[in-house]
Amino acid sequence: MDLNWLISSFLINMLLWSVNAEFYSSIDHMTQLILTERDLIQSFRDYVTEEENNIERLKSCLQVFESSSEDFPEDLEKYISNPLTAYKFVRKLKNEWAVVKQVTNMSPMQEFQRILSETIQNIPSDQDLDGIALGLVRLQETYRLNPENILGSGLGQATMDPLDPDEAFHVATIAHQNHKFLYAFLWMQEALKQLDEGRVAIVTRAEILRFLGPFVFQMGDLPRAIALSEQLLDLDPSDLNVLNHLDFYKHLKEGIKRNEATTPMDDAHIFTPSIPKSIKVYEALCRGEGIQMTPRRQRALFCRYNTGGRNPRLIYAPVKEEDEWDQPQITRYHDFISDYEIDTIKKLSRAKLARARVLDHVTGKNFSAELRVAKSAWLSEHEDPVISHVNQRIADATGLDMEMAEMLQVANYGIGGQYEPHYDSKLVKDSDFHRFGGRIATTLIYMTDVNLGGATVFPAIGAALQPKKGSAVFWYNLLQNGEEDDRTLHAACPVMAGNKWVSNKWIRARGQEFRRRCALSESA
């Protein structure tokens, strides 16, 4: 019996009781009272029975969840920073607690429902799960990984369970929605392979084949489209839609055979769409390819060392060597910031972290986009002496005035977190430009090591810098004549495994007139 009906019946009877409170003045009403009591007892009996059934359902859910729960490792940050682990955990968490909410909705325990309703807002949504799936595809695209590479290595956690057919199917659909067609095809193939190996799943072989047949045809692979359609017909010979598709494919194949003497096919393919050169170079640098860091050029990244402790100080600054390499002045400092300062900055920023945004150069408005996947926070030097000390150290190391500099920005990258190639100085609609000038320089501080990926790369000069906890990188975004330096195009490579925390200080041009020598030429 439906519990909602039982509760409604119980409430209606209680309402009748309150409306007809005076029963003794009418025998008829007294008679009705006996009938009402009979109904109430039966409703209450059914209500108790339903509650007992609901308890059994809850116990069953709890047993399933407990049997499938994992023994989490001691290093939770390392565990959850793995994209595969994060994907499986979020999918499991979202699905399990959706079931709990559905089951408990059948119970009148209002207090628990209130707590669950408040808590459920903090449970990952479909958008979270889709975002992690897209991050997984982004890692594939950048580092040229097949599903076998990812599932075989576990992205640094070889002991974890691979994605099951349902999860592979979901990643494939997200890839397809985002026009990552090659990876949609690869993950669909992975899901099909696992089903053929006997893995249990909700998604069926027919569903995958129905997707793959028309999909590979659109990709231009006619023989594969025919083969997949024939496999689908083996599962359901009465499927007229598939029969029509197969007849069309075969007819088209015959037509192609009769016209084989036509011009050769273009090299372009929808699986591998045209990619801007800057993105190609960026992705190659992320993979460790095309790096132009010879020993002589490596020396041009002037390393300056600081002492450790709570307040590191600059102890020497070597003179710049002459080098024929046409590169912007990039300086790397080691031990620039202490562990104590890093922990303080993280603690101050955690409550403020929000999705990092990028600037629309046409409208001047900020918006969130997949080209920058991280959360960021801004810290003022008035919030803690540590921020003031770090700002002063940046001033001491660079020789620039911090009066017009922006607040310290802290960023924590997400699953597959990245920031595609961009310039710090190109702020066309920047509201603060007239007051403070452009961003003359950038100081980037690494607050964690990163296990895999996450390098800072400069596509225009072939430089790649791997995050090293406590170190910092400094470069000028503007030439000495005030023009933008196109060589400072840089990017944050996707984080494959690990937790990447950075902080950066954008220094404005106003106030630097007597601290950096001006020049009429375009020298760095």
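The values are calculated or read from the model by the stated rules, or taken from the named source; none is laboratory data. A quick note: this is a predicted structure, and the numbers were derived from the prediction, not measured. Virtual Cβ from ideal backbone geometry, glycine too; neighbours counted across all protein chains shown.
Details
- Positions within the stretch 95-115 being at pLDDT 70 or above and touching a Lys or Arg at 6+ places or on another chain (Cβ under 8 Å), in sequence order: 103
Table: residues versus (1) more than 28 Å from the chain's Cα centre (by Cα); (2) surrounded by fewer than 22 Cβ atoms within 10 Å (Cβ to Cβ); (3) closer than 20 Å to residue 331 by Cα; (4) among the polar types (S, T, N, Q).
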| position | (1), (2), (3), (4) |
| --- | --- |
| 401 | yes, yes, yes, no |
| 446 | no, no, yes, no |
| 462 | no, yes, yes, no |
| 492 | no, no, yes, no |
| 496 | no, no, no, no |
| 499 | no, yes, no, yes |
| 504 | no, yes, yes, yes |
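- Residue 144 touching a residue at least 24 places away in the same chain (Cβ under 8 Å) and either closer than 17 Å to residue 129 by Cβ or among the basic types (Lys, Arg) (or both): yes
- Qualifying residue in the stretch 176-183 (condition: assigned by TED's automatic domain parsing to the domain that holds residue 138, touching a strand residue (DSSP E or B) at 6+ places or on another chain (Cβ under 7 Å), modelled with pLDDT of 85 or more and not β-branched (Val, Ile, Thr)): yes
- Filtering 168, 206, 184 for residues that are small (Gly, Ala, Ser), over 22 Å from residue 82 (Cβ atoms) and crowded, with 19+ Cβ neighbours inside 10 Å leaves a single hit, 184.
- Close pairs (6 angstrom Cβ cut-off, 6 or more residues apart or separate chains): under 18 Å from residue 98 (Cα atoms) in the stretch 46-74, modelled with pLDDT under 80 and not hydrophobic (A, V, I, L, M, F, W, C) anywhere: 54/107
- Filter result (in a strand (DSSP E or B) and basic (Lys, Arg)) within the stretch 453-512: 505, 508
- Answer residue from the stretch 343-360, given it is touching a Ser or Thr at 6+ places or on another chain (Cβ under 8 Å) and surrounded by fewer than 20 Cβ atoms within 10 Å (Cβ to Cβ) and is modelled with the lowest pLDDT among those: 358
- Residue in the stretch 196-208 that is more than 23 Å from residue 89 (Cβ to Cβ), outside any helix (DSSP H, G or I) and either of a type in the set (Val, Ile, Thr) or touching a strand residue (DSSP E or B) at 6+ places or on another chain (Cβ under 8 Å) (or both) present: yes
- Evaluation of residue 384 against (1) at pLDDT below 95; (2) touching a helix residue (DSSP H, G or I) at 6+ places or on another chain (Cβ under 9 Å); (3) among the charged types (D, E, K, R) (one fails), failing number: (1)
- Taken together, the criteria exclude residue 200 from residues that are over 23 Å from residue 139 (Cα atoms), at pLDDT below 80, β-branched (Val, Ile, Thr) and not assigned by TED's automatic domain parsing to the domain that holds residue 460.
- Remark: residue 118 falls outside the filter, which requires a residue to be modelled with pLDDT of 80 or more, out of contact with any Phe, Trp or Tyr (no Cβ under 6 Å at 6 or more places or on another chain) and surrounded by fewer than 21 Cβ atoms within 10 Å (Cβ to Cβ).
- Number of positions in the stretch 209-231 that are farther than 10 Å from residue 185 by Cβ, surrounded by fewer than 18 Cβ atoms within 10 Å (Cβ to Cβ) and either not aliphatic (A, V, I, L, M) or not assigned by TED's automatic domain parsing to the domain that holds residue 173 (or both): 6
- Breaking point among (1) in contact with a Ser or Thr (Cβ under 6 Å, 6 or more places away or on another chain); (2) of a type outside the set (Lys, Arg); (3) farther than 21 Å from residue 513 by Cβ; (4) in a helix (DSSP H, G or I), for residue 390: (1)
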